[in-house]
1. Round to a whole angstrom and tell me the spacing of the C-alpha centers of the range 146-164 and the range 227-259.
2. How much length, in nm to one decimal, is gained on full extension between residue 190 and residue 264, taken as 0.36 nm per residue of separation minus their Cα-Cα distance?
3. Sort the range 234-300 into rounded, prolate or oblate with this rule: let a ≥ b ≥ c be the square roots of the eigenvalues of the Cα gyration tensor; rounded if a/c is under 1.5, and if a/c is not under 1.5, prolate when a/b is larger than b/c, oblate otherwise.
4. For helix 203-212, report the angle its Cα long axis makes with the longest principal axis of the Cα atoms of the chain; keep it between 0 and 90° and round to the nearest 10°.
5. Relative contact order, percent, of the chain when contacts are C-alpha pairs under 8 Å separated by at least 6 residues?
6. Please give the direction-averaged projected area of the C-alpha convex hull for the range 1-114, in square nanometres with one decimal.
7. Just the ratio, please: alpha-carbon radius of gyration of the range 126-285 over 2.2 N^0.38 Å, N its number of residues.
8. Let me see the pair-distance distribution of the range 56-172: every alpha carbon pair, 5 Å bin width, integer percents in order.
Ligand code: AMP
Ligand code: MG
């Protein structure tokens with residue numbers, strides 16, 4: 001079986017192609033970069049995706065050495081994400097499915113991040129930490145759903161880093177820039193540490209950090225934001241770990257912010273105390289990509305899920321991950 005996954009929730013237009021064992025045959029992406037000092041403007045990003053879609057598709061097919069007729073299943077990111085961007089991927093996916101008579105599966109983007117890491121390491125049931133531009137959540141798969149054990153109550157950690165960078169006049173995406181600045185910082189500045197049970201908040205950190213930019217070295221602000229935000233996340237994961245009512249086979253970290261080595265190391269120190277390993281994908285696979293969507297498409301096909309009618313494959317901009325049925329976990 002050959003599965004194609006199409007990703008277009010936000011900054012990245014990606015096409016991933018995998019075989020029936022989940023081996024990656026192609027992973028091609030084009031990324032929209034907003035002008036310095038700006039965030040992602042949905043219509044500009046969608047225009048970028050429209051211009052790049054055919055090139056990305058052509059390059060992915062050529063990387064895999066196949067034609068569209070060789071694809072057995074098509075999957076696309078149905079949401080959550082930016083409406084205009086989502087529609088570019090959805091339109092291409094529907095066109096290919098209709099034109100070539102292929103089954104089409106709409107996929108939840110966040111489920112793609114989680115399933116890619118469990119697939120890659122053949123994990124049975126890890127505790128997941130999903131940290132990206134769209135999500136900051138702690139989850140476990142149980143009885144047909146990803147159950148949210150804790151999450152941000154306001155902005156995501158990706159958003160915290162991206163907006164801080166933007167306010168400091170730095171490039172998008174902010175995460176990698178903040179990470180390299182933080183390596184040159186060392187003075188721990190006072191920032192709000194807000195954790196409520198296994199959930200948490202970051203907007204207080206953002207407001208205070210923007211104020212501190214006026215009086216302190218950006219390296220120290222970046223260092224402090226990472227230290228405080230990541231300590232909050234790790235504490236929430238630890239609390240969740242103690243609350244999960246069954247054994248987990250590791251901690252799986254996914255999403256763009258998973259590429260951050262400080263967060264990964266902090267999580268590892270905590271996990272070791274519980275005799276657990278932290279599973280992180282090769283860095284390239286943490287950020288949005290078509291492979292994560294293809295992996296969910298493959299799991300749907302193998303579970304025998306009936307593809308929906310094309311008329312009910314509309315995009316969904318706001319879509320909680322715990323509303324999605326996971327048939328292969330029932
Ligand atoms: P995604 O939406 O999964 O592609 O993740 C994008 C988010 O990951 C953006 O907010 C980026 O700033 C963030 N990100 C990417 N690389 C890093 C990094 N090395 N450290 C922290 N955040 C990162
Ligand atoms: Mg993502």
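Just so it is clear, none of the values below were taken in a lab; they were calculated from the coordinates. Just so we're clear, the structure is a prediction, and the values are computed from it rather than from any experiment. Counting neighbours? That spans all protein chains shown, and the Cβs are built from the backbone with ideal geometry, glycine included.
1. When both Cα centres are located, 13 Å separates them.
2. On the way: separation 74, 0.36 × 74 = 26.64 nm, distance 2.26 nm.
Here the answer is 24.4 nm.
3. Values: a/c = 2.60, a/b = 1.46, b/c = 1.78.
It is oblate, given that a/c is not under 1.5 and a/b is not larger than b/c.
4. 50
5. Details: 718 pairs, mean separation 84.9, N = 330.
Across the chain, relative contact order equals 26 percent.
6. If you wrap the Cα atoms of the range 1-114 in a convex hull and average its projections, you get 6.9 nm².
7. Working: Rg = 15.3 Å, N = 160, 2.2 N^0.38 = 15.1 Å.
In units of the 2.2 N^0.38 Å rule of thumb, it is 1.01.
8. 2, 9, 14, 16, 17, 15, 14, 9, 3, 1
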